[in-house]
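What follows is one structure encoded as structure tokens, with my remarks underneath.
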Amino acid sequence: MNLRIVNGTAGLHLAEAIAPLLGAEPSSCEVERFPDGELRPAVADVRGDDVYVVQPTGPPVNDHLVELLLLLDACRRAGAGRISAVVPYFGYARQDRRSRPGEAVGARVIADAMASAGADRLLVVDPHTPALEAMAQIPVEMVTAVPTLASALATTLDPDTVVVAPDLGAVKLAERYATQLGLSVAVVRKSRITGTTVHAEEIVGDVNGHPPAVVDDMISTGGTIEAAIRLVLDQGADPHAVVAATHGLLVGDCVQRLSGLPIRRLLVTDSTAPAENGLTTEVCSIVPLLADAIGRLHHDERLDDLLIPS
Ligand code: R5P
């Protein structure tokens, strides 16, 4: 089967860089947008090909998601031999359980939709929850950008730094950063008030006099990072914070929130297209990671060293 890299509109910046690394031509799709908001994507000839549809589902999440679903279906109907959905940022992954009665399990619904639309397999980067694998009916390869981000952090890191998990869900992630960087971990206990406001209740671990490296899978409105940094500063941390997260959505009041904090470096990846928003971010590219993963999947090779450790 020929390798074919197809991109949706949200994946153009990645596909254009990945394709040459794999000796493949990027196959951009045409997306027609109807006046009522409907999308109509069309793919080039992919008959018999091993197709990788690159489309992160960052903001506007629902538009990018629907475009991806239509693209997967278009590839299937065009006779693709095998279809992998490459979704570096998987929106809805935070809805991995019902936090109160009456809610949906959004992550499961979306994973099912991708499988029904035609995906034979998913390739995702640092999804919010590893439970995604168990929710999906199709194989999910979960690769990680933590080694890339940690290496970039290491270049200027104070040896006294403490890695801070801004909530309990980020503890394993923080441990992975700490292991690579040879540092200790402190953990914030956070409660979420609304989609945009959180409260950092307490911190477990010693941050007094230490510069914090706050790490998370994603930064959305910045509320979680802001609350964690304010708490560690209250606890006497050195006000030279660094922040690293795989997915920098930076929506809502994020720019105002983070620009008011003593953040020395803010690292994210290009899992979603980097936005011009006045915030100084360092973007560590996941193009080499995705190209490596796609190349191995195409040749039916194992991804072991690229995967999130279990
Ligand atoms: C939640 O548990 C996630 O890991 C992130 O901490 C959270 O989604 C970030 O959102 P925000 O930036 O809006 O606080």
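Computed from the alpha carbon positions, the gyration tensor of the range 135-193 leads to an equivalent ellipsoid with semi-axes of 24, 18, 8 Å, biggest first. For the pair R97 and L12, a Förster radius of 30 Å applied to the C-beta separation gives a FRET efficiency near 0.35, rounded to the nearest 0.05. Between P139, P262, P35, find the one with the highest GNM mean-square fluctuation for the chain; connect C-alpha pairs within less than 10 Å. Taking springs between Cα atoms under 10 Å, the residue moving most is P35. Annotation for T156 and D305: the two label points, set 7 Å from Cα along the Cα-Cβ direction, are 2.9 nm apart. Within the range 1-114, the ratio Rg/Rh, alpha carbon atoms throughout and Rh by Kirkwood, equals 1.01.
Hydrophobic, long helices, defined as DSSP H runs whose alpha-carbon span along the helix axis is 30 Å or greater and whose mean Kyte-Doolittle value is at least 1.6, do not occur in the chain. Applying both filters, DSSP loop and at most 13 other Cβ atoms within 10 Å, to the GluC sites (Glu not before Pro) of the range 248-302 gives E276, E301. Computed per residue of the chain from DSSP H runs no shorter than four, each worth -39500 (n - 2.57), the mean residue ellipticity at 222 nm is -9000 deg cm²/dmol.
The chain: Rg/Rh from Cα coordinates, Kirkwood Rh? Result: Rg/Rh = 0.98. If only the Cβ of Lys and Arg carry +1 and only the Cβ of Asp and Glu carry -1, the dipole of the chain around its Cα centre is close to 520 debye.
With each label modelled as a point 7 angstrom along the Cα→C-beta vector, the Q180-R264 pair spans 1.9 nm. GNM on the chain, alpha-carbon springs under 10 angstrom: the most fluctuating residue among L21, L12, L71 is L21. Taking the average, over residues, of other Cβ atoms within 10 Å as the packing measure, peptides 267-273, 144-150 rank 267-273, 144-150 from highest down.
Any read-out appearing in this document is the output of simple, stated calculations on the displayed coordinates, not a laboratory observation. Here the structure is a predicted model, which means the values were calculated and not measured. Note that each Cβ is placed from the backbone with ideal geometry, even for glycine, and that neighbours are counted across all protein chains shown.
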